[in-house]
Every structure is written in C-alpha cells, then in structure tokens.
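Some notes on the structure that comes next.
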Ligand code: CIR
C-alpha cells in the first residue's frame, strides 16, 4: 500500500511545457485554469484511495514541474534524485529535494550524476524489480548508476529499450498481479515475456498510462476500450480527466511520486 504521494500544482508557464504532441494534434496548448481543476481531481482520487498527498506550490521557473514523477524515483528506504535530460527540466532535481527530505534522511537520498541522465517516467517497479527504459531521457549510464544504488536496498533492475516516444511508462504499464498494459512493440519485448500482457489499441495509446494505486486503477477519461478491459480484469476504477497535461505529453503516473 502507498501511504504517501507528492504532487506539484501546475504553473501558468505550463503552456511552454515540452511537447512532441505525442497524444494530441500539434499546436494544442494546455489551458491553465482547466489544468488546475483537473489536477485537483487527480489529487482527490489519490486521497480517496488512501494516500496522504503533499501538494507543493506551483513553480513558474519550470514549465514541466507538474510532472513530479520525473526528477525523483522513490521506494521504501531510498530516494534517487534523477538527472533530467532536458535543460528546461534539469533544475527540477534541486526543487524536489526539500520535499524528499521530509520523508528520507540524507543517507537514504542518492543522485544520478552526469553524464548519466534519468527521468522517473522511464522507471517501472514490479515487486522489488525495476524496469528502466533507455530513452532520449534516460541513458545507459543513468541506468547503471541507478542499478548500483538500488541493489544496496534489496532491489534489482534491468534495462528495456524505449523506441516509440518519450518514456517507458507511456508504452508499458504494470498494474497488479501479472497484468501489464502494452503497445504492440512492448508486447514483443523479451523482458516482459512472463507478464499477462494486454495490447492497447493504437487509438487508445494514452490510456496505457493508467495508474494502479492501492488496489484500484485510475484511468484517463475518454478511453472506453481500455476502461472496459481494466474493469474486466477485476480492478475497481476511477476515471479522471487529464486532457490538459496530455497536450504536453503528460500522463497520469507523471503527476506524482508515490511511496
Ligand atoms: C516532458 O517532455 O518532459 C514533459 N512535457 C512531459 C513529461 C511526462 N512525464 C512522464 O511521462 N513521467
């Protein structure tokens, strides 16, 4: 069970967040006021599922700072501050520290150092094993350093190539039991061969990044096939509208650190 989550409110600079229009038409910009409302809905969903949510103030210096998942990877006994690959996001590794220090002591906090890069969206935990996506944002050196850190805390890790876009968890997401939502490409990934894999149709790509949290699954609004699949797998669901951050490549897991 997750007791805690950390989120950061969206900032007005959100409209300048990095976007490859991975899930929308090019040029669509988030509407700040709607993003604030949708973010509050997300926080409420986590709270209803039993989390104590620390809500950090918006940070106008970092347009993408609402994506709390990326500058840190947290687990029982250890927090890894990552080294975000994009210049406009790299400073988030400093701004996340005060919040992390509220939960972890100095000897539990580690850092990915250059030339290693990493972002939390590439890191997927299954039991005590991490799958680390090698992407434009997370490199082999970052993954190597991460492995060295987490093995000291009883975890293992392996790397997985990310060939379709931004982060690993946009293309493969673990729910519970052995259930993994995947793209057709990730379905063929040898690292995932022992999972019960469910290929999400291309038009519902965005819904792969649904969020298993304390027994239920938070699913983005507007993806009926994926919603039905998750229900059929026996999970209680909560549907939230995440349309604004979707315009800057953001999904549900991106919005929080959970531990
Ligand atoms: C970025 O490109 O960094 C942001 N616009 C989106 C980050 C999404 N984060 C995530 O998937 N963990």
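Numerical summary
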| read-out | value |
| --- | --- |
| Any hit, the range 53-62, residues being at pLDDT 95 or above, under 27 Å from residue 155 (Cα atoms) and more than 11 Å from the ligand (Cβ to nearest atom) | yes |
| Subset of the range 67-95 (residues that are in a loop (DSSP other than H, G, I, E, B), in contact with a helix residue (DSSP H, G or I) (Cβ under 7 Å, 6 or more places away or on another chain) and either away from the ligand (no atom under 15 Å from the Cβ) or in contact (Cβ under 8 Å) with a residue 60 or more places away in the chain (or both)) | 67, 68, 69, 70, 77, 82 |
| Criterion violated by residue 127 - all others in (1) surrounded by 17 or more Cβ atoms within 10 Å (Cβ to Cβ); (2) farther than 27 Å from residue 92 by Cβ; (3) over 15 Å from the mean Cα position of the chain (by Cα) satisfied | (1) |
| Residue satisfying all of: in the range 161-185; away from the ligand (no atom under 15 Å from the Cβ) and outside any loop (DSSP other than H, G, I, E, B); surrounded by the most Cβ atoms within 10 Å (Cβ to Cβ) among these | 180 |
| Residue match in the range 217-229 (condition: in a helix (DSSP H, G or I) and under 23 Å from residue 163 (Cα atoms)) | yes |
| From 142, 121, residue being within 16 Å of the ligand (Cβ to nearest atom), assigned to a helix (DSSP H, G or I) and in contact with a helix residue (DSSP H, G or I) (Cβ under 6 Å, 6 or more places away or on another chain) | 121 |
| Residues being under 18 Å from the mean Cα position of the chain (by Cα) and surrounded by fewer than 18 Cβ atoms within 10 Å (Cβ to Cβ) - total across the range 186-209 | 1 |
| Filter pass, residue 198 being assigned to a loop (DSSP other than H, G, I, E, B), touching a strand residue (DSSP E or B) at 6+ places or on another chain (Cβ under 7 Å) and more than 14 Å from the ligand (Cβ to nearest atom) | no |
| Flag for residue 127 being in contact with a helix residue (DSSP H, G or I) (Cβ under 8 Å, 6 or more places away or on another chain), at pLDDT 95 or above and either away from the ligand (no atom under 16 Å from the Cβ) or under 17 Å from residue 77 (Cα atoms) (or both) | no |
| Identity of the residue in the range 105-118, surrounded by 17 or more Cβ atoms within 10 Å (Cβ to Cβ) and part of a loop (DSSP other than H, G, I, E, B), that ends up farthest from the ligand (Cβ to nearest atom) | 116 |
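Quick grid of which residues meet (1) surrounded by fewer than 19 Cβ atoms within 10 Å (Cβ to Cβ); (2) closer than 26 Å to residue 142 by Cα; (3) under 18 Å from the mean Cα position of the chain (by Cα); (4) away from the ligand (no atom under 16 Å from the Cβ):
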site: 13; (1), (2), (3), (4): yes, no, no, no
site: 33; (1), (2), (3), (4): yes, no, no, yes
site: 50; (1), (2), (3), (4): yes, no, no, yes
site: 65; (1), (2), (3), (4): no, yes, yes, no
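The values are calculated or read from the model by the stated rules, or taken from the named source; none is laboratory data. Owing to the predicted nature of the structure, the values given are computational and were not obtained by experimental measurement. Methodologically, a virtual Cβ is constructed for each residue, glycine included, from the backbone with ideal geometry; neighbour enumeration extends over all protein chains shown.
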